[in-house]
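The values are calculated or read from the model by the stated rules, or taken from the named source; none is laboratory data. Here the structure is a predicted model, which means the values were calculated and not measured. Because the Cβ atoms are built from the backbone with ideal geometry, glycine has one as well, and the counts that use them run over all protein chains shown.
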Amino acid sequence: MLTAIDVRSLSRSYAGNPGFGRKSGKKDFVALTDVDLKVEVGEIRGLLGPNGAGKTTLMKILSTVLLPTRGEVEILGHDVVREAELVRRRIGIVFGGERGLYGLLTARENLDYWAAVYGVPAGRRKQHVGGLLDRLGLGDRAETQVDKMSRGMKQRLHLARGLVGSPELLFLDEPTVGMDPVAARQFRALVQELRDEGMTILLSTHDMQEAEAVCDKVTLIDRGRVVGTETPEGVGRWITGFERVDAQHVPDEVRRRVVSLPGVRDAEDLPDGWVRFDTTEQGAVSPVLESLISAGVTAIRTSLPSLEDVYVTVIGDRGLGV
């Protein structure tokens, strides 16, 4: 099977220390260090990490906007440095922010312009642009000037622009920022539709729910290095290979007895009277369940850590303050 994204030992540095009031030339700022990444055709891959982790730098290199300092990168079999033009013909890019749209033009005029840039024949541009506007829920705003649109509508127009060249690989950098919950849910459905149609998608996001809902796999990146890659369901194994037990209305005496059992690390208070017992040994869950049930506790559930739990454990609270 053809690999959509193949990154090997990728590093990217910027000359001088970035930041206000700092003199350049003293020390290089390293944005990415020895990054390895493989994404298969037809996959939705989530890219997670806090601000400054290197996500946007990585996406810009993959989409030929930046050159790598060191390493090799191939997109759909083409080298991003030597074959940049071939890469650009097969990808779509949706970066966050306001850039990329012309505020004095209407939504339709914006897409018509970008369709011409991507080489869509004049005879089919009207139908192509109209179809994209309808698909992104902008059909009734086609003649609205972009400067008069809400942030959420602008973001949907960004998505339409990313699809205007019918790409095989789509880069999405924080695509639901500014969208209301209904629009964000519709976007997630659209992403899954695109994957079903054979498109490969690399999605950068801070939204744990979004990543768990749409991604086949997630890659966690921090301080320019890849921490690991796993399915959303299996990502809990990054911080523990053992289940945890949640119980409601646990008497203090029972709680102390459970915590004293071999292989039980701690008890954590959760909302609505629930208590979470983390285990650290294979087979420790059964004694916990037996102790709770024998004490008359009936509201019990077991689970592995969620994607958000892993994120907070590996990255820390600084990653969620975005």
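Contact map, the range 115-141: residues that are without any contact (Cβ under 8 Å) to a residue 40 or more places away in the chain paired with residues that are among the aliphatic types (A, V, I, L, M) and exposed (fewer than 13 other Cβ atoms within 10 Å of the Cβ), Cβ distance under 9 Å, separation 6+ or inter-chain. Pairs shown: ALA116/ALA122.
Under the condition of being in contact with a Gly (Cβ under 9 Å, 6 or more places away or on another chain) and buried (at least 18 other Cβ atoms within 10 Å of the Cβ), which residue from the range 254-308 is modelled with the lowest pLDDT? Filtering the range 254-308 for residues that are in contact with a Gly (Cβ under 9 Å, 6 or more places away or on another chain) and buried (at least 18 other Cβ atoms within 10 Å of the Cβ), the one modelled with the lowest pLDDT comes out as LEU307.
Rundown of residues vs (1) without any contact (Cβ under 8 Å) to a residue 60 or more places away in the chain; (2) out of contact with any Ser or Thr (no Cβ under 7 Å at 6 or more places or on another chain), yes/no style:
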position	(1), (2)
LYS154	yes, yes
PHE171	no, no
ALA183	yes, yes
ALA189	yes, yes
GLN192	no, yes
GLU197	yes, yes
HIS206	no, yes
ALA213	yes, yes
LYS217	no, no
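Would you mind stating whether LEU270 is in contact with a strand residue (DSSP E or B) (Cβ under 9 Å, 6 or more places away or on another chain), more than 18 Å from ARG301 (Cα to Cα) and hydrophobic (A, V, I, L, M, F, W, C)? Talk me through it step by step, then tell me what you get.
Values: in contact with a strand residue (DSSP E or B) (Cβ under 9 Å, 6 or more places away or on another chain): yes; more than 18 Å from ARG301 (Cα to Cα): no; hydrophobic (A, V, I, L, M, F, W, C): yes.
So LEU270 does not fit the description; no.
Counting only strands (runs of 3 or more DSSP E) wholly contained in the range 29-146, the ones carrying 2 or more residues that are under 26 Å from the mean Cα position of the chain (by Cα), modelled with pLDDT under 95 and in the same structural domain as LYS217 (by TED's automatic domain parsing) occupy 29-40, 44-48, 91-94.
Somewhere in the range 57-67, is a residue closer than 30 Å to SER9 by Cα, surrounded by fewer than 19 Cβ atoms within 10 Å (Cβ to Cβ) and basic (Lys, Arg)? Yes, the range 57-67 contains a residue that is closer than 30 Å to SER9 by Cα, surrounded by fewer than 19 Cβ atoms within 10 Å (Cβ to Cβ) and basic (Lys, Arg). The residue that is modelled with the highest pLDDT, counting only those in the range 167-207 that are among the aliphatic types (A, V, I, L, M) and more than 27 Å from ASP6 (Cβ to Cβ), is ALA189.
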